[in-house]
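These notes concern the structure reproduced below.
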Amino acid sequence: MDLDETDRRHLARAIALSREHMERNEGGPFGAVIARDGKVLAEGWNCVTSTNDPTAHAEVVAIRRACSEVGSFALEGATLYSSCEPCPMCLAAAYWARMGRIVYANTREDAMAIGFDDSIFYEEVAKPPSERLMPTIHAPSAEARAVFADWFKKADRVPY
Ligand SMILES: [Zn+2]
């Protein structure tokens, strides 16, 4: 899919954010912009090391801000512009947010070359839980299942 001028502008802004906040030592060299219908909903940048939040990737920060801005947990029709290909966490967050599409500049291979190797996470996600490097133990629980059953029949649940 070709990019138009608006796409190029938003992606350039995401890249500018990555440089600006890297130079301020706020975190890794990653920036993101979320826009919809020509309007910027939010900007984000990596704040992992400055906030001690391992989930504060540029894309997650931007998704949180965009959702707050529009007052919804869903961003249908929006585009996530990222200075780098989203890691598995950010990709999943984009799916949870029902993002319309993603445009990125640097690749995961580019990130790996400067010390950000998330390729292992892609491999881990694809494995059965029992084979993952991080011990992941399935402990079935009747109470946990009961909570699920109650959610499913809860009259005022908000599906997402
Ligand atoms: Zn990420």
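Only the coordinates and a few stated rules stand behind these numbers; no lab work does. Predicted model only: the values in this text are computed from it and were never measured. Reconstructed Cβ throughout: ideal geometry from the backbone, glycine too, with neighbour counts over all protein chains shown.
For the subset of the range 117-138 comprising residues that are assigned to a helix (DSSP H, G or I) and exposed (fewer than 10 other Cβ atoms within 10 Å of the Cβ), which member is nearest to the ligand (Cβ to nearest atom)? Among them, the one singled out is GLU131.
For first residues located in the range 76-97 and among the aromatic types (Phe, Trp, Tyr), partners that are more than 8 Å from the ligand (Cβ to nearest atom) and part of a helix (DSSP H, G or I) and lie 6+ apart or on another chain with Cβ distances below 8 Å form the pairs TYR81/ASP7; TYR81/HIS10; TYR81/LEU11; TYR81/ARG13; TYR81/ALA14. In the range 82-89, is there at least one residue being under 10 Å from the mean Cα position of the chain (by Cα), in a helix (DSSP H, G or I) and surrounded by fewer than 21 Cβ atoms within 10 Å (Cβ to Cβ)? Scanning the range 82-89, I find at least one residue that is under 10 Å from the mean Cα position of the chain (by Cα), in a helix (DSSP H, G or I) and surrounded by fewer than 21 Cβ atoms within 10 Å (Cβ to Cβ), so the answer is yes.
If I ask for residues that are in contact with a Phe, Trp or Tyr (Cβ under 9 Å, 6 or more places away or on another chain) and either closer than 16 Å to MET22 by Cα or assigned to a helix (DSSP H, G or I) (or both), which ones from the range 57-78 would you list? Within the range 57-78, HIS57, ALA58, GLU59, VAL61, ALA62, ILE63, CYS67 qualify.
Contact map, the range 14-26: residues that are farther than 13 Å from ALA105 by Cα paired with residues that are among the hydroxyl-bearing types (Ser, Thr, Tyr), Cβ distance under 6 Å, separation 6+ or inter-chain. Pairs shown: GLU26/SER50. Residues that are within 13 Å of the ligand (Cβ to nearest atom), touching a Pro at 6+ places or on another chain (Cβ under 9 Å), closer than 15 Å to ALA32 by Cα and aliphatic (A, V, I, L, M) do occur in the range 75-88. Sub-6 Å Cβ pairs linking a first residue in the range 48-65 that is closer than 12 Å to ALA32 by Cα to a second residue that is hydroxyl-bearing (Ser, Thr, Tyr) and within 10 Å of the ligand (Cβ to nearest atom), at least 6 apart or interchain, are GLU59/SER82, ordered by first then second residue. Can you tell me which residue within the range 98-111, out of those that are away from the ligand (no atom under 13 Å from the Cβ), surrounded by 13 or more Cβ atoms within 10 Å (Cβ to Cβ) and not charged (D, E, K, R), is farthest from the chain's Cα centre (by Cα)? Ranking the candidates gives ALA105 first. For the range 65-77, a residue qualifies if it is in contact with a helix residue (DSSP H, G or I) (Cβ under 9 Å, 6 or more places away or on another chain) and either within 18 Å of GLU26 (Cα to Cα) or crowded, with 23+ Cβ neighbours inside 10 Å (or both), and exactly one does: LEU75.
Among the residues making up the range 94-116, those that are within 30 Å of THR6 (Cα to Cα) and part of a loop (DSSP other than H, G, I, E, B) are ALA97, ARG98, MET99, GLY100, THR107, ILE114, PHE116. The selection criterion, being over 12 Å from the mean Cα position of the chain (by Cα) and away from the ligand (no atom under 14 Å from the Cβ), holds for THR51. Restricting the range 127-160 to residues that are more than 30 Å from SER72 (Cα to Cα) and small (Gly, Ala, Ser) leaves a set whose member that is nearest to the chain's Cα centre (by Cα) is SER130. Return yes or no: is GLY71 touching a residue at least 40 places away in the same chain (Cβ under 8 Å) and away from the ligand (no atom under 16 Å from the Cβ)? Answer is no for this residue.
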